[in-house]
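Taking it in order: structure first as structure tokens, then the write-up.
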Amino acid sequence: MAQRAKYYAIDVEAVATGTDHNARSVAQISVVDEYMRVLLNAYVKPDKPVVSYLTPLTGLTAEVLERHGVPLAQAVGQVRLLLPRDAVLVGQNIGADVAWLGLAEGRDFEGM
């Protein structure tokens, strides 16, 4: 039987949807648990026109997102189903990733 995890790493990759530094849309969401099990690697179809896929940084391309991308709401729904309410989230700039996904501490997870 698989061990139940408490800690989860979340990483969000984005594509540029404008020329302003903050003009970004979520394009990939990954979730890994403390036992290094990859629980989710979802590609997201941006809902705005993409100016740059930032491929050297993200590895994302138009082809990947077109072929494998799902709506953001569907991908976030998968994240919510994976996370137990007592989950503790970790990651580089986890606060920004959580905000981009619309997750809420105390509702979707216990802490960061």
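The values are calculated or read from the model by the stated rules, or taken from the named source; none is laboratory data. Source: prediction; values computed, not measured. So basically every Cβ, Gly included, is an ideal-geometry build from the backbone, and we count neighbours across all protein chains shown. For the accessible areas, the whole protein counts, side chains as well, though only heavy atoms, and no ligand, DNA or RNA atoms are used. Shrake-Rupley method; radii C 1.70, N 1.55, O 1.52, S 1.80 Å.
Residues that are touching a residue at least 40 places away in the same chain (Cβ under 8 Å), open to solvent by 30 Å² or more (accessible area, probe 1.4 Å) and more than 12 Å from the chain's Cα centre (by Cα) within segment 71-91 comprise Leu82, Asp86, Val90, listed in sequence order. All conditions but one from (1) within 17 Å of Val88 (Cβ to Cβ); (2) open to solvent by 20 Å² or more (accessible area, probe 1.4 Å); (3) aliphatic (A, V, I, L, M) apply to Val50; the one that does not is (1). Tell me whether segment 94-110 contains one or more residues that are modelled with pLDDT of 95 or more, within 16 Å of Tyr8 (Cα to Cα), open to solvent by 60 Å² or more (accessible area, probe 1.4 Å) and in contact with a Leu (Cβ under 8 Å, 6 or more places away or on another chain). No.
Among the residues making up segment 1-40, those that are β-branched (Val, Ile, Thr) and at pLDDT 95 or above are Ile10, Val12, Val15, Thr17, Val26, Ile29, Val31, Val32, Val38. Taken over segment 18-29, residues that are open to solvent by 30 Å² or more (accessible area, probe 1.4 Å) and either more than 30 Å from Asp86 (Cα to Cα) or of a type in the set (Ser, Thr, Tyr) (or both) amount to 4.
Report whether or not Thr61 is at pLDDT below 95 and β-branched (Val, Ile, Thr). No; evaluated as a whole, the condition is false for this residue.
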